[in-house]
Amino acid sequence: MKITEVRVRLVNEKNERLKAFCTMTLDNEFVIRDIKVIEGSQGLFVAMPSRKVTDRCPKCRAKNYVPAKYCNECGERLKGGRFEEAASLGDKLHTDIAHPINKECRARVQEAILAAYRAELQRSRNAAQSPSTEASTAAREAEHESGEDTGDEL
Ligand SMILES: [Zn+2]
């Protein structure tokens, strides 16, 4: 398996642990989306696409995310603390949709994703120093001034 392309979309939020969303192409013919780059306490790591674990509403049997407080379908108040309870029992609250099945592959994927992320970060930093961003800042300020409040009519 060859990783033939990695696309990176940076998340430009200060204090946000989620740093980027990535799309990875394998052998030029298979795409995996929604791979995340996350800043953990031990540094950056790669999270494979995952879905939240669900359980069923006692009233209408609709599926809800385990941390949900109210049923998506009927609005029934769901039992509190299901999230904490599941976590304390060691249940996985997220399950990976696609993932490597051995250490070597995991390391290879992580390396490729983080290399692409760092390259994209560098590109965006270089772009931030170019004069084009000054122009867009000026345009945004001009837009802000024109938004004059005319007041409400009764
Ligand atoms: Zn329900």
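Derivation of every value follows stated rules applied to the coordinates shown; laboratory data play no part. Fair warning: this is a prediction, and the values are worked out from it, not measured in the lab. Using ideal geometry, Cβ is built from the backbone for each residue, glycine included, and neighbour counts are taken over all protein chains shown.
Legend: distances between Cα atoms for K63/K92; K52/K103; K59/K79; pairs beyond 20 Å are K52/K103. Each of S50, S124 was scored by other Cβ atoms within 10 Å of its Cβ. Arranged with the fewest first, they read S124, S50.
In this label model, A127 and L18 are separated by 2.0 nm, measuring between points 7 Å along each Cα→Cβ vector.
Could you list Y117, Y70 so that the one with the fewest beta carbons within 10 Å of its beta carbon is first and the one with the most is last? Can you show the working numbers first?
Numbers: Y117 19, Y70 12.
Lowest to highest Cβ neighbour count: Y70, Y117.
Max-minus-min Cα coordinates of segment 52-93 on each principal axis give 29, 16, 12 Å, with the largest extent listed first.
Which of F30, F83 comes first, and how do the rest follow, when ranked by fewest Cβ neighbours within 10 Å? If you can, show how the numbers build up before the last one.
Numbers: F30 11, F83 16.
Going from least to most buried by this count: F30, F83.
The C-alpha atoms of segment 35-75 occupy a region whose extents along the principal axes are 43, 17, 11 Å, arranged from largest to smallest. Global dimensions of segment 77-117 from alpha-carbon coordinates: Rg and Dmax equal 16.2, 45 Å.
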